[in-house]
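Scroll down for the structure; my scribbles are underneath it.
The values are calculated or read from the model by the stated rules, or taken from the named source; none is laboratory data. Because the structure is a prediction, the values reported are computed rather than measured. Positions of Cβ are backbone-derived with ideal geometry, glycine not excepted, and every protein chain shown enters the neighbour counts.
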Amino acid sequence: MRIFGGKPKSASTIPSAGHAGDDQLLAQIAQHSDLDAGRHWVHFVYFANEDAARAAAGQISQAGWDIQRVDPSADGGPEWAVIAEQHNAVTSPEAVRNARTFFESIAGTHRGGEYDGWEASL
């Protein structure tokens, strides 16, 4: 039984978010849930050092994202990870496209920045 009503969308009826990986994630979510339903949405961005990571985290926070953590990369590399999140976020194709543009822009303006994608609850 669906709480918000309606049937999950098939992958062919979902507009493209403009990135193949994002489109695949949206299709997986749509198989289980309404894309317009609020969900926990998490993004991962990596930077060359702590200063760059903390500066980026400040910008991300100012844009309305919660910072889950700013830590050295879990894989033991020299990078620093910034993990940003929103609760009750809508992951429509437009929202996903806008988020990717935002996080790639943040990554591009700080030393060693790299946007590594997102995940969301079903």
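Please go through (1) surrounded by 15 or more Cβ atoms within 10 Å (Cβ to Cβ); (2) within 14 Å of Asp116 (Cβ to Cβ) for Ser33 and return the number of the only condition it doesn't satisfy.
Looking at each condition in turn, Ser33 falls short on (2).
Find the residue count for region 72-94, including only residues that are assigned to a strand (DSSP E or B), exposed (fewer than 15 other Cβ atoms within 10 Å of the Cβ) and at pLDDT 95 or above.
Final tally of qualifying residues: 2.
Any residue in region 94-122 that is closer than 18 Å to Gly64 by Cα sitting within a Cβ distance under 8 Å of a residue that is polar (S, T, N, Q)? List the pairs, counting only those 6 or more apart or interchain.
Ile106/Gln59; Ala120/Thr91
In region 59-71, what residues are part of a helix (DSSP H, G or I) and either within 12 Å of the chain's Cα centre (by Cα) or surrounded by 13 or more Cβ atoms within 10 Å (Cβ to Cβ) (or both)?
Scanning region 59-71 gives Gln59, Ile60, Ser61.
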